[in-house]
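Down below is the structure, laid out as structure tokens.
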Amino acid sequence: MSAPVPVFDGHNDFLLRLLRAPEARETTWLSDTGEGHLDLPRMRAGGFAGGFFAVYIPSPIAHDDPDLDAIMRNPPFSLPLPKEIPLEDALPVAMKMVGHLMWMEREGSLKICRSVADIRNAMAAKKIAAILHFEGAEAIGPDLDLLHVWHAMGLRSLGPVWSRPTAFGNGVPFAFPSSPDTGDGLTEAGKRLVTECNRLKIMIDLSHLNEKGFDDVAALSDAPLVATHSNVHAICPSSRNLTDRQLAMIRESDGIVGLNYALGFLREDGKGEPFAGFDPMLRHLDHLIETLGESRVGLGSDFDGAAIPPDLGDAAGLPRLIEAMRAHGYDAPLIERLAHGNWLALLERTWGG
């Protein structure tokens, strides 16, 4: 049996699982417990070679609360934005999550990567190539001093917001149907954050950012525009998905979009309900490739952060997604680019060689 195609992925929330059950982190990481979407055995089985490991600060009322999940399964809906989380509350949580990632590196099967060379070397050594990513900048103050601290610790990718306000800007609410044009743009601190991220070569992630904030980043940034885990608004009109105008701006910047596997961002009706097969995923990929070009599309699973198609299941199911692409008519070079090549090329354009 041939080895699976290596997949470098735009977004996962595995560190959130470790945050919630720190006493079980060795079992959670090293054993196939059948829980969640990621662990080392299933990643190796499916060809998951690396990706962006998110530090996400949970809201006091979890966005995956069962009542909210039930609401999001039955559109239309429009959930209010959670309240901003103060820096002093976010900082210890972020520190714990980064500590878990550093433990994973010490354990020996993962490498925190600060360059594309690090990623390639880790993949060649059969280690998981991890990028430290902040999904929301709550653990950074407006003076940006902590941005430099986190950068020294390995931070190389940052989204100014999750779906709630921060000192830097505003996220989109979970809403369907909805435009992403849902609020004000970046604050003055947010504009300084973009400039400093450019200077430090920290990739800026536009997923979860509202449309005015997106436009502000596009006007300020000298780096390619990136949405690590977002889909096509023209197919699924969720506030979290990207309009064709936004996709055109990403194309013009030579950026990239990672396909999000979340059910409610894939289905045309916005329902967070399972579907058989891979057709909705392929429809989004077709549109992204048509709009962005073959070199600007990747995968951005949202593993361990969303409900995903059951025929994919978890990281061990990635070969089934690859086979669906092949059956759909994607040739081997395109599949290689979608699976990992485009992400590595984007990071070279963003970070340097």
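Odds and ends about this structure:
- Length gained when the stretch residue 70-residue 149 is fully extended (0.36 nm per residue, less Cα-Cα span): 24.5 nm
- Loop-located GluC sites (Glu not before Pro) in the range 244-290 (DSSP state other than H, G, I, E, B) with a sparse environment of at most 13 neighbouring Cβ atoms within 10 Å: 268.
- Separation of alpha-carbon centers, the range 286-328 and the range 56-134, rounded to whole Å: 20
- Shown is the FRET efficiency for residue 279 and residue 31, computed with R0 = 35 Å from the Cβ-Cβ distance and rounded to the nearest 0.05: 0.60.
- Applying 0.36 nm per residue to the separation of residue 78 and residue 196 and subtracting their alpha-carbon distance, the gain on full extension is 39.1 nm.
- The range 1-103: trypsin sites (Lys or Arg not before Pro) in DSSP coil with no more than 11 other Cβ atoms inside 10 Å: 83
- Fluctuation leader among 80, 177, 160 - the chain, Gaussian network, Cα springs under 10 angstrom: 80
- The range 181-229 versus the range 1-28: alpha-carbon centroid distance in Å: 27
- Checking [x] -0.49; [y] -0.44; [z] -0.33 against log10 I(q)/I(0) by the Debye sum over Cα atoms at q = 0.08 Å⁻¹ calculated from these atoms, the matching label is [z].
- Under the membrane-span-like helix rule (DSSP H runs whose alpha carbons stretch at least 20 Å along the helix axis, mean Kyte-Doolittle hydropathy -0.5 or higher), the chain yields 87-107.
Throughout, read-outs are computed from the coordinates displayed, never taken from laboratory work. Bear in mind that the values here come from a model prediction, so they are computed numbers and not experimental data. All Cβ positions, glycine included, derive from the backbone under ideal geometry; neighbour counts span all protein chains shown.
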